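Report on one structure; see the data block that follows.
Here, each number is a calculation from the coordinates, and none is a lab measurement. The structure presented is a predicted model; accordingly, all values stated were derived computationally and were not measured. Using ideal geometry, Cβ is built from the backbone for each residue, glycine included, and neighbour counts are taken over all protein chains shown.
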Amino acid sequence: MRHFLWWAGLLLGLAVVGARAWEWQSATVDRDSLTLGDPLTLSLSVTAAPAEAVDWPLPRPEQLGGWRLLGADSLAEQTEGGTRTLTRRLRLARFRLGPAPLPTPGPLLDGQPAIGDTLRLEVLATLPDSAQPADILEPGRLRHGWRWWLLRAGALLVLGGLAVWAWRRWRRTARLEPGGPALPPDPWQDFLAELARIEERALWRAGQVESHYADLSLALRGLLEDCLGLPCRERSTDELRAVLRDSPLTDGDLQELLRLLDENDWVKYARQWPAAETCARQSGRYLGWAEARRELLLERHRQRQEAAARAESAPVQPARPRPRLRLGRKGRS
């Protein structure tokens with residue numbers, strides 16, 4: 001008898017020591033069916049001893065069984081009559097139709113969240129008449145019928161036809177109108193006048209070094225565009241390197257030009273301010289580069305003027321009208 005009581009006390013003590021410090025109280029939701037993407041509130045409550053510490057972190061996505069965690073309230077605690085109640089509220093949503101088992105993750109037990117009774121809900125595709133849409137996190141993919149695809153194909157065909165008609169009309173109009181903008185009569189004089197204006201302003205004396213370098217770069221780019229007919233004003237230095245590969249400039253000319261334009265980029269982007277002496281002679285460097293290639297640039301400009309004159313003197317060929325098909329009965333003359 002003595003040994004029996006001893007073993008019974010030992011087993012009772014082990015059971016008390018191994019028992020968890022909390023017990024389930026309730027797990028409820030605020031609805032039993034919901035719409036695709038509509039949030040619901042899951043309320044979990046457990047009771048614990050007043051002196052016990054309960055570790056109850058937020059559940060991880062893989063522990064929610066396909067549910068999306070939208071948010072969670074802070075852990076609420078209430079003690080009444082020697083009973084300590086802990087409550088956790090989770091806002092969840094689901095984006096798959098059909099029956100949806102909802103796990104109820106509780107506090108940690110041996111490092112793993114304990115799961116109570118699994119709740120079962122039904123996810124609907126449309127809202128009931130009495131419900132209001134709320135907090136749609138992401139749209140669900142709904143299957144479209146054949147009428148929707150037929151309307152979509154018809155709309156694409158109509159838009160394609162309008163685009164072809166507009167393109168053909170524009171092409172016919174452009175063929176009847178004269179060529180693009182007129183060429184500047186003397187781009188070299190325009191370049192010299194722009195350099196004189198930049199020298200007169202001398203923005204670098206007022207601390208506007210960036211504007212001074214930008215004006216010089218734009219003046220030289222304008223000379224290249226007016227003479228060569230290549231887009232140079234609105235191009236970056238890297239883009240200009242690719243554009244001028246097809247120009248009559250040699251590799252040495254191009255490298256020296258890009259070296260000047262790189263200095264402008266250093267001032268504009270890297271904020272590397274040159275000395276006053278360098279700013280004072282910068283316009284002379286731009287003029288020296290252009291002077292060394294003056295004949296080449298002006299010869300290209302003359303060629304462009306001659307080509308434009310020949311295009312203007314050429315007779316305009318009006319578009320031929322398309323023949324119309326006449327349908328009649330067979331054998332009718």
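Here r is the Cβ-Cβ distance between residue 289 and residue 313 and R0 is 35 Å; the resulting FRET efficiency, rounded to 0.05, is 0.45.
When you count the other C-beta atoms within 10 angstrom of each residue and take the mean per peptide, 274-284, 294-304 line up highest first as 294-304, 274-284. Distances between placed amide hydrogens fall under 5 Å for residue 72 paired with 91, all partners being 5 or more residues away or on another chain.
Packing here is the average count of other Cβ atoms within 10 Å per residue, and on that basis the peptides 234-243, 185-194, highest first, run 185-194, 234-243.
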